[in-house]
Amino acid sequence: MSAFEFFFSFYGLLLGLSVAELVGGLARVLHERERIRFGLLTPMLALFVAIDITTFWNQAWALLRGAPYNLALLVMGLAIAATFYVAASITFPRTSAEGANARIDLDAHFWAHRRLIFACILAANLIVALLVMALAAADPGFAEMARSPRLWIGVAIFVCGTGVAALASWRPAVVGALGVVLLYSLWNVARAAGGLIAAGGWSPP
């Protein structure tokens, strides 16, 4: 087992728990859909969190596949995955905690919990940004990657978008920030899909 495989067995498990918590929350609200007012904000937030978790899974391959075994990397992975788990676990409400007959408004849930959710996502992105800067200072290959304007434009969009969504008091600003970071995330997925199609897919096994 390589150092990366050992690291990813830990990191991937923790991120996988976040995905399971997010999908489980969606399943719970769908099961109780008769007493839930859905709205748009919580589904948009859930999609954004899901894509961001997947992005971090991808970044582990891009940044860490050549890393040696190191306790500090495990702790960093724990910090990132733990923040995502907290965000994922409160994206959807615990329907059982509201009472069997209580009506649940997902938009109201969004406004009650959005600060913590966006703060967790912001923290995770800042950890990775600091890692990239540290690697760029130590390695010429990473320094070349860190000179990419697209990388730092993406970081700026995420930091500003999640920061506004977490801290702004004006609700239209919060909704606008959520829309921006979600659209940027979807654009990255579409861009990756376009690259895969342009490359001709992959060879059959």
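Does Trp187 satisfy the condition of being surrounded by fewer than 13 Cβ atoms within 10 Å (Cβ to Cβ) and within 30 Å of Ala112 (Cβ to Cβ)?
Numbers: surrounded by fewer than 13 Cβ atoms within 10 Å (Cβ to Cβ): yes; within 30 Å of Ala112 (Cβ to Cβ): yes.
Answer is yes for this residue.
Ala102 versus (1) surrounded by fewer than 17 Cβ atoms within 10 Å (Cβ to Cβ); (2) closer than 20 Å to Ala79 by Cβ: which is the lone unmet condition?
If we test Ala102 against (1) surrounded by fewer than 17 Cβ atoms within 10 Å (Cβ to Cβ); (2) closer than 20 Å to Ala79 by Cβ, just (2) comes out false.
Does at least one position in region 51-60 carry a residue that is modelled with pLDDT under 95, of a type in the set (Gly, Ala, Ser), in a helix (DSSP H, G or I) and surrounded by fewer than 13 Cβ atoms within 10 Å (Cβ to Cβ)?
Looking through region 51-60, none of the residues is modelled with pLDDT under 95, of a type in the set (Gly, Ala, Ser), in a helix (DSSP H, G or I) and surrounded by fewer than 13 Cβ atoms within 10 Å (Cβ to Cβ).
Could you say whether any residue in region 103-119 is assigned to a helix (DSSP H, G or I) and acidic (Asp, Glu)?
Scanning region 103-119 turns up at least one residue that is assigned to a helix (DSSP H, G or I) and acidic (Asp, Glu).
Considering only region 29-44, state which residues are buried (at least 16 other Cβ atoms within 10 Å of the Cβ) and either over 16 Å from the mean Cα position of the chain (by Cα) or of a type in the set (A, V, I, L, M) (or both).
Val29, Glu32, Ile36, Leu41, Met44
Answer yes or no as to whether Val175 is within 20 Å of Leu41 (Cα to Cα) and more than 15 Å from the chain's Cα centre (by Cα).
Yes: the conditions hold for Val175.
Can you confirm whether Ala166 is on the phi < 0 side of the Ramachandran plot, assigned to a helix (DSSP H, G or I), surrounded by 14 or more Cβ atoms within 10 Å (Cβ to Cβ) and at pLDDT 95 or above?
Considered against the rule, which asks whether it is on the phi < 0 side of the Ramachandran plot, assigned to a helix (DSSP H, G or I), surrounded by 14 or more Cβ atoms within 10 Å (Cβ to Cβ) and at pLDDT 95 or above, Ala166 comes out as yes.
Listed residues Ile127, Ile153; which is in a helix (DSSP H, G or I), within 14 Å of the chain's Cα centre (by Cα) and not acidic (Asp, Glu)?
After ruling out the rest, the residue left standing is Ile127.
The values are calculated or read from the model by the stated rules, or taken from the named source; none is laboratory data. Not measured: the values here are computed from a predicted model. Cβ atoms come from the backbone with ideal geometry, glycine included; neighbour counts cover every protein chain shown.
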